[in-house]
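To start, the structure itself, in structure tokens.
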Amino acid sequence: MAWIIGRYVEVNEAAAQVKVVEAPPTPRAVAAVTARGGGAPARAVAPENPSLPPPPPPGNPGSTNPLTGLAGDPARLARRPIAVVVNNSPVARPQYGLSAADVVYEYLMDGWYVTRFTAIFYGNEGERIGPVRSARLINEQMTPQYQAALVASGASDEVRYILKYTVHFPYLDIDLDDPCNCTYSFTIGNHWETRLQTQTALLHPWLSDWGQERAPNLNAWPHSEGPPGSTPASQVHIPYPSNSVVGWRYDSGSGRYLRSVCGAPHVDAGTGQQLSAANVIVLYAHHELTDMVEDALGTKGVRIVLRGSGPVKVLRDGVAIEGTWRAEDPNQPPHFFDAGGREIPLKPGNTWVQVVPTNYNVHVE
């Protein structure tokens, strides 16, 4: 429906008759669940994408987190992982909650001018997460690899359609599903890039409200305490765009990599501490420019291919192991193999995945 203001329109009666094109059918919803308290509209659960295999049946993770190799609360590990899209524009720093995530992906945005995060929360609670921003094509591939639910603040029309109607994982589009920003999210201030935030204490009730809470059935990453022998790697430089240049420095005292952005320590606003990782994985992936318009400036979206295989650098304990990542099963995380075909064990703890184009020169020393 649209409104036309008559005083701005001149009618030409001799104009050719306009052909009316029938609108495509609305995607069929097979079920709907009412949100708790009536605070947000019900979400229609759409048919699964026939091109994707269905997810495995719910698992029984026990007390060891398959993503970190650490002991965890069995009650938490029996819940679905949640992937939250987090802004990384300079105005959004420092962000909240990244230090509590089991896995954080960083990747290039459309326009190639800034990066964005998707933080996966599973073994820990995220007491405050944000700023939450919009989803991109990469989330369609990444989310099912962790059998997770996706949370974002909107998306372009094409991406929103994909995430709402062609995938088998739950997607909370806060703009549509929580328009009051008071049921599964909340606002701090009024700046459009920084105001929207959430927490896992709100997101697991969302999954319960929609009947989508379930334990994952993940092929665990192997973990080991001792570092495998390989090339020393005390510092890493990742040449993202100038406002997102990333550095990691190995701190032998803590046995962890400390993160910087644009030459300054990158901290978690919730803890005030510098972000750190037990493992830093540099994952080289094909980046394909699409004709999908992502913003009001007409910027075209980028398809980042996370299925298949490609080169990888795994950094842990001050060393780097080069090899290959493989992700043949769309419902399982990528796994990492050295030059001899042996799977590379990760250090117990959290992991940052730095997704870069295949032509990036990532400097490790």
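Modelled with pLDDT of 95 or more, surrounded by fewer than 22 Cβ atoms within 10 Å (Cβ to Cβ) and of a type in the set (D, E, K, R) - does that describe any residue in region 245-255? Yes, region 245-255 contains at least one residue that is modelled with pLDDT of 95 or more, surrounded by fewer than 22 Cβ atoms within 10 Å (Cβ to Cβ) and of a type in the set (D, E, K, R). Within region 164-186, being of a type in the set (Ser, Thr, Tyr) and over 19 Å from the mean Cα position of the chain (by Cα) holds for one residue alone: THR183. When we screen PRO228, PRO205 for residues that are touching a Pro at 6+ places or on another chain (Cβ under 8 Å), of a type outside the set (Phe, Trp, Tyr) and closer than 28 Å to ALA71 by Cβ, the only hit is PRO228. For region 191-206, indicate whether the set of residues that are modelled with pLDDT under 95 and touching a strand residue (DSSP E or B) at 6+ places or on another chain (Cβ under 6 Å) is non-empty. There is at least one residue in region 191-206 that is modelled with pLDDT under 95 and touching a strand residue (DSSP E or B) at 6+ places or on another chain (Cβ under 6 Å).
Residue-wise test of (1) under 16 Å from LEU207 (Cα atoms); (2) buried (at least 22 other Cβ atoms within 10 Å of the Cβ); (3) polar (S, T, N, Q).
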residue	(1), (2), (3)
ALA71	no, no, no
ASN88	no, yes, yes
ASP102	no, no, no
VAL114	no, no, no
ARG128	no, no, no
GLN141	no, no, yes
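The residues of region 113-154 that are at pLDDT below 95 and farther than 18 Å from ALA285 by Cα amount to a single one, GLY154. No other residue among ALA296, ALA269, ALA264 is under 19 Å from LEU98 (Cβ atoms), without any contact (Cβ under 8 Å) to a residue 40 or more places away in the chain and among the hydrophobic types (A, V, I, L, M, F, W, C) apart from ALA264.
Residues that are hydrophobic (A, V, I, L, M, F, W, C) and farther than 23 Å from ASP102 by Cα within region 187-203 comprise ILE188, TRP192, listed in sequence order.
Scoring ASP251 on the criteria (1) in contact (Cβ under 8 Å) with a residue 40 or more places away in the chain; (2) in the same structural domain as PRO348 (by TED's automatic domain parsing); (3) of a type in the set (Asp, Glu) leaves a single failure, condition (1).
Within region 285-302, the set of residues being surrounded by 17 or more Cβ atoms within 10 Å (Cβ to Cβ) and either of a type in the set (Gly, Ala, Ser) or part of a strand (DSSP E or B) (or both) comprises ALA285, HIS287, MET292, GLY301, VAL302.
Set side by side, the residues PRO232, PRO227, PRO241, PRO179 differ, and just one is surrounded by fewer than 21 Cβ atoms within 10 Å (Cβ to Cβ) and at pLDDT 95 or above, which is PRO241.
The values are calculated or read from the model by the stated rules, or taken from the named source; none is laboratory data. This one's a predicted model, so the numbers in the text were calculated from it and none came from an experiment. As a convention, Cβ positions derive from the backbone with ideal geometry for all residues, glycine included, and neighbour counts pool all protein chains shown.
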